[in-house]
Amino acid sequence: MVSISGVNKHFGDLHALKDIDLTVEDGEVVVLIGPSGSGKSTLCRTINRLETVDSGDITVNGKPLPAEGRALANLRADVGMVFQHFNLFAHLTVLQNITLGPIKVRRTPKAKAEARARQLLERVGLAEKADVFPSQLSGGQQQRVAIARGLAMDPKLMMFDEPTSALDPEMINEVLDVMQDLAREGMTMVVVTHEMGFARRAANRVVFMAEGQIVETATPDEFFDDPKTARAQDFLAKVMTH
Amino acid sequence: MFDNFASMAEALLEGARITVVVTLASYAIALAIGMVLVVMHVSPAAPARWAANAYTQLFRNVPLLAVLFIMYFGLPSIGIETTSWGVGLLGLGMYTGAFAGETLRSGINSIPLGQAEAARSIGLTFGQSLQNVILPQAFRAVIPPLGSLLIALVKNSALVYAVGITELYSTSRGLIDDPQSRYDLWGVTISVTVCYLAIAFVLSYLVRLAERRAAFVR
């Protein structure tokens, strides 16, 4: 589904991604973890070219990422993206947020797009919120709408960039539950998160990054029970003490 | 003081009508230009950005009266025929358009980057995300300053008397300079002031209504 090879990226003097190689197979759930500033969000954002790379190749569904333009827009339509800060369209209702992409990009008739949007809202447990504005929802509700917005495009791949990092603790699980259901249904997912419990339960593969490099790649059980590198051991010792 | 009030009022109302027509028509031109400018300003194509910047600097930094004179007298000298109304509306519109463009640009800059990223992520093209996500929000954010621009335009519209449009202000000059001295200076001056106030007041009220209608829950 996704193949990344030899990718480098700089922000000024900061070498944010160093020789990254990573593939994501169809139906696989890959969780990227690592300390803040390790490049995991940046890596995630390069997959739909929200960040450009300095060198290396990225292919999605066998096709190299095109330059900015209609071809890239078409590719992005197939790749759902869920952001840390939700980024729901503030001037549109929940329903309009979800139908905008299908109507404008997929040319789905409005009635059909709305019916599908209501199904998706049902699925994320927000059927009664179709006609409110994003600001009237809690963070957890907004994030579930954002997931529904991504799913409305029938994406081949869903990416989650720290989807629970901006949420109050009691709202984290409602979002993780939706994500876990998706994973169980076979959605291909790339998830950047600090939720170790989710990584352990839902991931097929854990990718541990530090200082712009992939340090360790393993199954969740291997990684959490028996991390191979000192860097991962150190990280896990810090995050797993509570 | 208000000698011959009926004929004065009749003349001033006709002038006020012209002022309103000039204001609204040139405002429409200004908004259209502003919209084009702001799209050029945020365009990925550098020449578009340069052109928008050059336009803005030129029209924002030259006095409106000079813009009108240059168009009225300059264009015929390079073979382009002009009319009072053509120069009046276009001149006002092009001048105000530079300000409208900057106002809209500040609106776009106030929209969080995440909105554009989310728009691109669902597969909208650059143009589609501007049209459906960015501009509607930017526009709502700048209705108050765009309203101020409209009010300023009511008063700036007086300058088109210089290219021969008999709007409210030049009507009042005509009354004061009446060959038969039928009108009192202060009577005319106070009356014309009241007319401008009334026009600006009504337009402010309409702007306020627009603001309230466009408000979305934040």
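A short reminder: the numbers here are calculations on the coordinates, not readings from a lab. Values in this document were obtained by computation on a predicted structure and should not be read as measured data. Using ideal geometry, Cβ is built from the backbone for each residue, glycine included, and neighbour counts are taken over all protein chains shown.
From least to most packed, judged by other beta carbons within 10 angstrom and beginning with the fewest, A:K40, A:K9, A:K63 follow the order A:K63, A:K9, A:K40. The Rg/Rh ratio of the range B:5-214, with Rg taken over Cα atoms and Rh as the Kirkwood radius over Cα pairs, comes to 1.07. Neighbours of A:L151, meaning other residues whose beta-carbon lies under 10 angstrom from its beta-carbon, give a summed charge of +2 when Lys and Arg score +1 and Asp and Glu score -1.
With θ taken as phi - 60° and the Karplus curve 6.51 cos²θ - 1.76 cosθ + 1.60 applied, the whole-hertz 3J(HN,Hα) list for the range A:157-174 is 8, 10, 10, 10, 9, 6, x, 10, 6, 9, 9, 5, x, 6, 9, 5, 5, 4 Hz, x standing for glycine and proline. Place +1 on the Cβ of every Lys and Arg and -1 on the Cβ of every Asp and Glu in chain B, take the dipole about the Cα centre, and give the residue among B:G101, B:N4, B:V192 whose Cα lies farthest towards its positive end. Of B:G101, B:N4, B:V192, it is B:G101.
Take every DSSP beta bridge with both residues inside chain A and express the antiparallel ones as a percent of the total, to the nearest 5. Intermediate values should be presented prior to the final figure.
Details: 19 of 36 bridges.
So the antiparallel bridges amount to about 55 percent of the total.
How do A:F83, A:F198, B:F69 line up, fewest other C-beta atoms within 10 Å first?
On the way: A:F83 23, A:F198 26, B:F69 16.
With the fewest neighbours first, A:F83, A:F198, B:F69 line up as B:F69, A:F83, A:F198.
Distances between placed amide hydrogens fall under 5 Å for A:V191 paired with A:V30, A:V31, A:L32, A:F160, all partners being 5 or more residues away or on another chain.
From the alpha carbon centroid of the range B:39-83 to that of the range A:136-157 is 45 Å. Work through the residues other than A:P66 whose Cβ is under 14 Å from its Cβ and net out their charges, Lys, Arg +1 and Asp, Glu -1. Once all neighbours under 14 Å are counted, the net charge is +2. Rg over Rh for chain A works out to 0.97, both radii taken from alpha-carbon positions and Rh defined as the Kirkwood radius. At the listed q of 0.12, 0.13, 0.14 Å⁻¹, the Debye profile of the range B:1-106, built from one uniform point per Cα, gives log10 I(q)/I(0) equal to -0.52, -0.59, -0.65. The alpha carbon centroids of the range A:80-118 and the range A:21-54 are separated by 24 Å.
Couplings 3J(HN,Hα) of the range B:37-43, computed from phi: 4, 6, 5, 5, 4, 9, 5 Hz, in residue order, whole Hz [Karplus 6.51 cos²θ - 1.76 cosθ + 1.60, θ = phi - 60°; x for Gly and Pro].
Residue order for B:T82, B:T189, fewest other beta carbons within 10 angstrom first, comes to B:T189, B:T82.
Evaluated at q = 0.09, 0.13 Å⁻¹, the base-10 log of the normalised Debye intensity for the range B:80-189, with identical point scatterers placed on the Cα atoms, takes the values -0.43, -0.68. For the protein assembly as shown, the share of DSSP beta bridges that are antiparallel, to the nearest 5, is 55%. Taken over the protein assembly as shown, lysine pairs spaced eight or more positions apart, or on distinct chains, with alpha carbons under 14 Å apart number 5.
Output needed for the range A:156-242: three equivalent-ellipsoid semi-axes, defined as square roots of 5 times the C-alpha gyration tensor eigenvalues, in descending order, whole Å.
Values: eigenvalues 95, 49, 29 Å².
Ellipsoid semi-axes (Å, largest first): 22, 16, 12.
Would you mind checking the range B:156-178 for residues with the amide N under 17 Å from a putative spin-label position 7 Å along Cα→C-beta of B:N4? Taking a point 7 Å out along Cα→Cβ of B:N4, the residues of the range B:156-178 whose backbone N falls under 17 Å are B:170-178. Under the convention that each Lys and Arg Cβ holds +1 and each Asp and Glu Cβ holds -1, the size of the dipole of the range B:5-214 around its Cα centre is about 680 debye.
Measuring spread by the Cα atoms of the range B:121-167 yields a radius of gyration and Dmax of 17.8, 54 Å. The Cα-based radius of gyration of the range A:1-143, divided by its Kirkwood radius, gives an Rg/Rh of 1.01.
A:D26 to A:K110: FRET efficiency via 1/(1 + (r/R0)^6), r the Cβ-Cβ distance, R0 35 Å, to the nearest 0.05?
Working: r = 32 Å, r/R0 = 0.90.
Once the sixth-power term is evaluated, E becomes 0.65.
With a Förster radius of 25 Å applied to the beta-carbon distance between B:S43 and B:A214, the computed FRET efficiency rounds to 0.50. When the charge dipole of the range A:1-152 is built from unit charges on Cβ atoms (+1 for Lys and Arg, -1 for Asp and Glu) and taken about the Cα centre, the candidate among A:V31, A:H15, A:T108 whose Cα reaches farthest toward its positive end is A:T108. Start at zero, step by 10 Å, and the Cα-Cα distances of the protein assembly as shown spread as 4, 17, 22, 18, 13, 11, 8, 5, 2, 0, 0 percent across the bins. In this structure, B:D177 and B:L113 have a Cβ-Cβ separation that, at R0 = 45 Å, corresponds to a calculated FRET efficiency of about 0.20.
Let me know the whole percent of all Cα-Cα pairs from the range B:103-146 that are separated by more than 18 Å. Every Cα pair in the range B:103-146 considered, those over 18 Å come to 22 percent.
Shown here are the Rg and Dmax of the Cα trace of the range A:198-242, at 10.0, 26 Å. A simple charge model with +1 on the Cβ of Lys and Arg, -1 on the Cβ of Asp and Glu and nothing else charged puts the dipole of the protein assembly as shown at about 860 debye relative to its Cα centre. Here the Debye sum runs over all C-alpha atoms of the range A:88-155 as equal scatterers in vacuum, and log10 of I(q)/I(0) at q = 0.16, 0.21, 0.28 Å⁻¹ comes out as -0.42, -0.74, -1.31. Couplings for the range A:29-35, taken from phi via the Karplus curve 6.51 cos²θ - 1.76 cosθ + 1.60 with θ = phi - 60°, read 10, 10, 10, 9, 10, x, x Hz in order; Gly and Pro are left as x.
Do any GluC sites (Glu not before Pro) in the range B:7-99 lie in a DSSP loop with no more than 13 other beta carbon atoms within 10 Å, and if so, which? Provide the component values of the computation, followed by the final result.
Numbers: sites: B:E10, B:E14, B:E81; in loops: B:E81.
Counting only loop positions with at most 13 other Cβ atoms within 10 Å, the GluC sites (Glu not before Pro) in the range B:7-99 are B:E81.
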